[in-house]
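The structure appears below as structure tokens.
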């Protein structure tokens, strides 16, 4: 039995084990980039949330800017997203905001898109009961370092059966 399998239920591996159960429940995959282990925490990606919505036959997502909390001149944006799980669903609402002070300097100038994505992600997480943060929510402090770690994680992501082993080994 390999070292990573021997201690899978030890306290240092609770988070990856819990996420393996979470991944199975929502059919999210580390290999596909749906889940990321970053800075000692699991995050769901926007593409992972969209996959959950498609698999569950989401009826629609409506997004609109919230003018009273937006100031285009200072690159401050707020959006409201509503996810409709079915034609009769009244909707799950999520809000997202972005400004130069709460996004990485690597995405300055794209605050409007960041705010929209944050709103959609929050509404999707509410609609489908996903209780972990989305990676797109990350911002300062040290967000440039986090984004570089994220890029490295995506670049070096294992494939196949090694993906879960990678997540467990990363938790050590």
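The values are calculated or read from the model by the stated rules, or taken from the named source; none is laboratory data. Predicted model, so just to flag it, every value in this text is computed and none were measured. Every residue, glycine as well, gets a Cβ built from its backbone with ideal geometry; the counts of neighbours run over all protein chains shown.
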Counted residues in the range 8-60 being at pLDDT below 75 and either under 21 Å from residue 121 (Cβ atoms) or exposed (fewer than 14 other Cβ atoms within 10 Å of the Cβ) (or both) come to 11
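Per-residue answers, yes or no, for (1) surrounded by 13 or more Cβ atoms within 10 Å (Cβ to Cβ); (2) modelled with pLDDT of 85 or more:
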{"residue": "89", "(1), (2)": "yes, yes"}
{"residue": "101", "(1), (2)": "no, yes"}
{"residue": "115", "(1), (2)": "yes, yes"}
{"residue": "121", "(1), (2)": "yes, yes"}
{"residue": "135", "(1), (2)": "yes, no"}
{"residue": "153", "(1), (2)": "yes, no"}
{"residue": "157", "(1), (2)": "yes, no"}
{"residue": "167", "(1), (2)": "yes, no"}
